[in-house]
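Worksheet for the structure shown next.
Read-outs: derived from the displayed coordinates by stated rules, not from any lab. No experiment lies behind these values; they were computed from the predicted model shown. Cβ: placed from backbone, ideal geometry, glycine included. Neighbour counts: every protein chain shown.
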Amino acid sequence: MTPPLEPRTRSRRIRTDALARVEGEGAMNVRVRDGEVLEVQLRIYEPPRFFEALLRGRSYTEVPDITARICGICPVAYQTSGCLAIEQACGTTVDGPIRELRRLMYCGEWIESHALHLYMLHAPDFLGYESAIHMAADHRELVERALATRKAGNQLLIAIGGRAEHPINPRTGGFYRAPTRDELAPLVEPLQRALEATLDTVALTATLTMPDFERDYEFVALRDDDGRYPIDRGRIVSSGGLDIPAEAFDDHFVEEQVAHSNALHSRFRDGGSYMVGPMARYSLAFDGLSPLARDAAREAGLGPTCRNPFQSIVVRAVELLYAIEEALRLIEAYEQPDPPAVALEPRDGVGCGVSEAPRGILWHRYEIDASGAIRDARIVPPTSQNQRAIEEDLRGFVAGHLDLSDDELQWQCEQAIRNYDPCISCATHFLKLDIERA
Amino acid sequence: MPNAFSRAGAVVIGVGNEFRGDDAAGLIVARRLREQASTQAVVLDWEADPAGLLEAWMDANLAIVVDTVVSGAEPGTVQRFDASTVPLPARLAGSSTHALGVAEAIELARALDRLPGRTIVYGIEGSSFSAGAALDPTVERAIDETLTRVVAELGERP
């Protein structure tokens, strides 16, 4: 381990060219001189807008199949936001049993994604292991729990989506085929076991040592129209009092180019950064959680809001618990939708859709013509919305922890980035990390 | 719930991303193998999170994984690794665009006693990974070579 440097008298440069345990590939660069953080950059290399170009000229019915390919971790989020936008463009709202089935499939994705991140990618940071592989030797049961929980979510995706990756059953207006109640019945037992295990996991995350760091974030999340915890749709709300429908996104948010990254960075039109994802949802929709999830959160020491980004692992565990419980509830209440999809009539127009990907709100906008051909497509993924917040976290965290050695600082900076479960494949296709004190 | 993979004596898994140039090579090998009606192996193309590989090969006694690699070799080079008892070379770790790489999934499976008795990895050296890029011609040829070698590895006639 490198001995700590004197922050007042030395300049330091810490670089990480490959950021491990972040979906995709990217780099972070931090420069410190005379105890002052000069620069923090999250760099992304790849051309981000390939899919938007690919969608132009294609049929509106192809949106769920094409956008599912953007990410191997959150295809359902892409399909859902895309379908909502197309349905709005066609002047339709999908409600009732079809909507409930969408929400159920979405729970499967939350379960899979949160289990992967929480146990395999984030927990090793807190428990002091280089990776889940190193952790498995000492915490085999925890890794087995991760795999079993992930599988319970995966089975939900197979049962509804038709296969484990890039579900093929969702379509604009609903589904090609709705599962029967009998087909969903075998999912219950693995989900119940996962629920029990996740209660232990929430308690476990509460025992982890959290770096001391808080920021006064502006949180942005959806508010579910039925008062439930936001997942599959909703109005966009913020801790600053914003409350808008999906179609007003452009009036309040702007994406801009930054010199050091290929990904567009989002901010409020009138100023600063904001945070999307588990901490934002939790803090804005605590009352939408189930009583069990609220109690688990309280017992884990969380209040009704959370401002320490490292505690996102606790929040993610609470959300995992909620998603499993919500899946069980939706299976219990399931009515097979007949027909499984609403018929859509394309018309010349614009539609916007937004849903809560595991990492935060994912917004789509499409312009289609009367034949249903897509004239324009825009996709704003959660990771590009969080980029500024991540850079500001790093700036604040490094400034307050210059007494750490380069190795320790680098470890905790990587951990700070993983707090956001950044899906670089969404923001672009690759991201890396680089701290420098030069 | 029945496990789709549980009948597998042998499973061949092509890993990659269809839209990222040479990263599609593993998927194409898997699809071509599946088109050969004679194969007895379970054939999967895998574009999702490699953590799921631990389920995919769980009950197989032979797993053959085909993925694009970046190891510094000439583009189109095909390398065969026997990962049954030893990890993949370090130069291949962490090169995946996925959350856990194939090398990590193999080591995680080994740590949990979930690795098939024989686990073989074919790595096709790629050079271009831009979104929407076509396959490099050397990678096209490497796909044919890999398919032949995988069929032989399975003990099947081409």
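When the convex hull of its Cα atoms is viewed from all sides, segment A:50-385 shows a mean projected area of 16.5 nm². Amide H contacts of B:Ala48: none lie under 5 Å away among residues 5 or more positions distant or on a separate chain (H built 1.01 Å from N in the peptide plane; Pro and chain starts excluded).
Measure out, as a whole number of angstrom, how far apart the alpha-carbon centroids of segment B:23-75 and segment A:176-234 sit. If we compute the Cα centre of each part, the gap is 32 Å. Fewest-first ordering of B:Asp136, B:Asp113 by other beta carbons within 10 Å of each residue's beta carbon gives B:Asp113, B:Asp136. Does segment A:31-158 classify as rounded, prolate or oblate by the C-alpha gyration tensor (a ≥ b ≥ c root eigenvalues; a/c under 1.5 gives rounded; else a/b over b/c gives prolate, otherwise oblate)? It comes out oblate by the Cα gyration axes. Relative to the globular-protein estimate of 2.2 N^0.38 Å, the Cα radius of gyration of segment B:41-158 stands at 1.04. Simple point charges give the picture: +1 on the Cβ of Lys and Arg, -1 on the Cβ of Asp and Glu, and for the protein assembly as shown a dipole about the Cα centre of about 440 debye.
Compare the Cα positions of A:Ile158, A:Gly272, B:Thr119 along the charge dipole of the protein assembly as shown (+1 at Cβ of Lys, Arg; -1 at Cβ of Asp, Glu; about the Cα centre) and return the one farthest towards the positive end. Comparing the listed Cα positions along the dipole, B:Thr119 ranks first. Round to the nearest 10 and give me the degree value, 0 to 90, for the angle of helix A:75-89's Cα axis relative to the longest principal axis of chain A. So the inclination is approximately 50 degrees.
Across segment A:247-257, rounded Karplus estimates of 3J(HN,Hα) from the backbone phi angles (6.51 cos²θ - 1.76 cosθ + 1.60, θ = phi - 60°) give 6, 9, 3, 5, 6, 10, 10, 9, 9, 9, 6 Hz, Gly and Pro being marked x. Between segment B:105-141 and segment A:352-389, the C-alpha centres lie 31 angstrom from each other.
When chain B is described by a simple charge dipole with +1 on each Lys and Arg Cβ and -1 on each Asp and Glu Cβ, the residue from B:Ala133, B:Asn61, B:Gly21 located farthest towards its positive end is B:Asn61.
Here the Karplus relation 6.51 cos²θ - 1.76 cosθ + 1.60, evaluated at θ = phi - 60°, turns the backbone of segment A:177-190 into coupling constants of 8, 9, x, 7, 4, 4, 6, 8, 4, x, 7, 5, 4, x Hz, with x for every Gly and Pro. Segment A:Ala248..A:Asp295, full-extension length gain: 13.4 nm, with 0.36 nm per residue of separation and the alpha-carbon distance subtracted. The 3J(HN,Hα) values that the Karplus relation (6.51, -1.76, 1.60; θ = phi - 60°) gives for segment A:397-404 are, in residue order, 5, 5, 4, x, 9, 6, 6, 6 Hz. Gly and Pro appear as x. With the simple model of a label 7 Å out from the Cα in the direction of the Cβ, A:Arg329 to A:Glu392 spans 3.2 nm. With respect to chain A, whose longest principal axis is taken over its alpha-carbon atoms, helix A:406-418 is tilted by about 10°. Kirkwood hydrodynamic radius of the protein assembly as shown, from the reciprocal of the average inverse Cα-Cα distance over all distinct pairs: 24.4 Å.
Summing Cβ point charges (Lys, Arg +1; Asp, Glu -1) relative to the Cα centre of segment A:50-385 gives a dipole of roughly 380 debye.
Annotation: the residues A:Phe219, A:Phe175, sorted from fewest to most other C-beta atoms within 10 Å of their own C-beta, follow the order A:Phe175, A:Phe219.
Calculated [222 nm] ellipticity per residue, helices only, for chain B: -8000 deg cm²/dmol; basis is -39500 (n - 2.57) per DSSP H run with n ≥ 4, divided by all residues, nearest 500. Residue order for A:His117, A:His401, A:His252, fewest other beta carbons within 10 angstrom first, comes to A:His252, A:His401, A:His117. In chain A, the DSSP-assigned H stretches of four residues or longer account for a calculated mean residue ellipticity at 222 nm of -12500 deg cm²/dmol, using -39500 (n - 2.57) per stretch and the full residue count as denominator.
Taking other residues whose beta carbon is less than 13 angstrom from the beta carbon of A:Arg223, and scoring Lys, Arg as +1 and Asp, Glu as -1, yields -3.
Dipole check for segment A:127-282: with +1 at the C-beta of Lys and Arg, -1 at the C-beta of Asp and Glu, and the Cα centre as origin, the magnitude is about 580 Debye. Each Lys or Arg adds one and each Asp or Glu takes one away; over the other residues whose Cβ falls under 11 Å from the Cβ of A:Pro97, this sums to -1.
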